[in-house]
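Since the structure comes first, as structure tokens, the remarks are kept for the end.
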Amino acid sequence: MAETGTLYLCATPIGNLGDITYRAVETLRTADVIAAEDTRHTRGLLAHYDIHTPMTSYHEHNKDEKGAELIARMQAGETVVCVSDAGLPGIADPGADLARRAIVEGIAVTPLPGANAALSALICAGLPLEGFTFVGFLPRKEKKRREVLTRVAAYPETLIFYEAPHRLRETLAVLAEALGAERRACAARELTKKFEEFRRMTLGELLAHYRESEPRGEFVLIVAGADESTAAAADAAAETLMERYEAHIAAGLDKKEAMRRTAQELGISRRDVYQAVLAGER
Ligand code: SAM
């Protein structure tokens, strides 16, 4: 029986084509197949490095059938390199599902490290790096978005968001409202490209700037974590939550119903109420 193959998760450039490692180029060249989010997009990179390995598409909409097919190929001993359009596969991009399947099947999964927009923006933002939370794209639906923002508003760690240019203004407005216009932030634009730019200012100032000038290109938003005063406000919010919950319990509701009512009244998820109640009861 053939020895089982390997799944490489390969970083590709986020702008500047030079941002790829020797090992990544070599592995792309010698692999049996490259599983690419968009084969037309990746063709440019392969042409630049004179790589002629066959490609197959692997993305959100074919991940079930294509994932199974790729797993079978690795079980037969082939080497598969998974790439997305830019940066690390699996980070706001396809790749995570294939990695999970391969792990379950006992196939070796290994990284070819390199460019990533989130961490590249983070290290240049001038904000604390001791701890950080990657949020990525905020949900489009308002309710889900509010749940995420309610959860992260009190985090002391620096926050990382991805956003498309046509949604940047709206997202800045939402962030300024949910996290406070005074929070320090950085809009990192067009990283590694000709018009790379970092705007280091508060969320309110960023919003004012981009209301004046049209956001163009790709953006990562880095936002400072909650300081003590924000954390105190979050504590106060948690207190209100507990008060409501306990009032429902005192009125005779069972725990589940009390949580459901509290979530409904505050417009947050039951999960958030559950976690806050657990923390409050400790
Ligand atoms: N997998 C990628 C990574 O590892 O960074 C992220 C892919 S996600 C679909 C695309 C988002 O990443 C963009 O909307 C933007 O927020 C961010 N991004 C990608 N390239 C960028 C760049 N050159 N400059 C700024 N942001 C970028």
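Bear in mind that the values in this text are calculations on the coordinates, not laboratory data. All values derive from a computational prediction rather than experimental measurement. Glycine also receives a Cβ, built like all others from the backbone with ideal geometry; neighbour counts cover every protein chain displayed.
Highest mobility in the GNM of the chain, judged by mean-square fluctuation with C-alpha springs under 10 Å and restricted to TYR245, TYR162, TYR58, is found for TYR245. Take the Cα of ALA279, step 7 Å toward its Cβ, do the same at ALA247, and the gap between the two points is 2.1 nm.
Charge dipole of region 109-172 (Cα centre as origin; +1 on each Lys and Arg Cβ, -1 on each Asp and Glu Cβ, all else neutral): 440 debye, rounded to the nearest 20. Could you tell me how many degrees, from 0 to 90 and to the nearest 10, lie between the Cα long axis of helix 228-250 and the main elongation axis, the longest principal axis, of the Cα atoms of the chain? For 228-250 against the chain, the angle is about 70 degrees.
The GluC sites (Glu not before Pro) of region 121-189 that meet both conditions, a loop assignment by DSSP and at most 11 other Cβ atoms within 10 Å of the site Cβ, are GLU130. Each Lys and Arg contributes +1 and each Asp and Glu -1, all at the Cβ; summed about the Cα centre of region 21-67, the dipole is approximately 140 debye. Take the Cα of ARG29, step 7 Å toward its Cβ, do the same at VAL104, and the gap between the two points is 3.6 nm. Normalising the average separation of contacting C-alpha pairs (under 8 angstrom, six or more residues apart) by the number of residues puts the relative contact order of region 74-147 at 23 percent.
Spacing of the modelled spin labels on ASN16 and LYS144, each 7 Å from Cα toward Cβ, amounts to 3.5 nm.
For the chain, lysine pairs with C-alpha atoms less than 24 angstrom apart, excluding pairs fewer than eight positions apart on the same chain, total 4. Computed from Cα atoms, the angle from the helix 142-152 axis to the main principal axis of the chain rounds to 80 degrees. The DSSP beta bridges internal to the chain are antiparallel in roughly 45% of cases.
For the chain, the dipole from Cβ point charges (+1 on Lys and Arg, -1 on Asp and Glu) about the Cα centre works out to 440 debye, to the nearest 20. Give the residue list of GluC sites (Glu not before Pro) in region 48-125 that are DSSP loop and have at most 15 other beta-carbon atoms within 10 angstrom. Sparse-neighbourhood loop GluC sites (Glu not before Pro): GLU60, GLU105.
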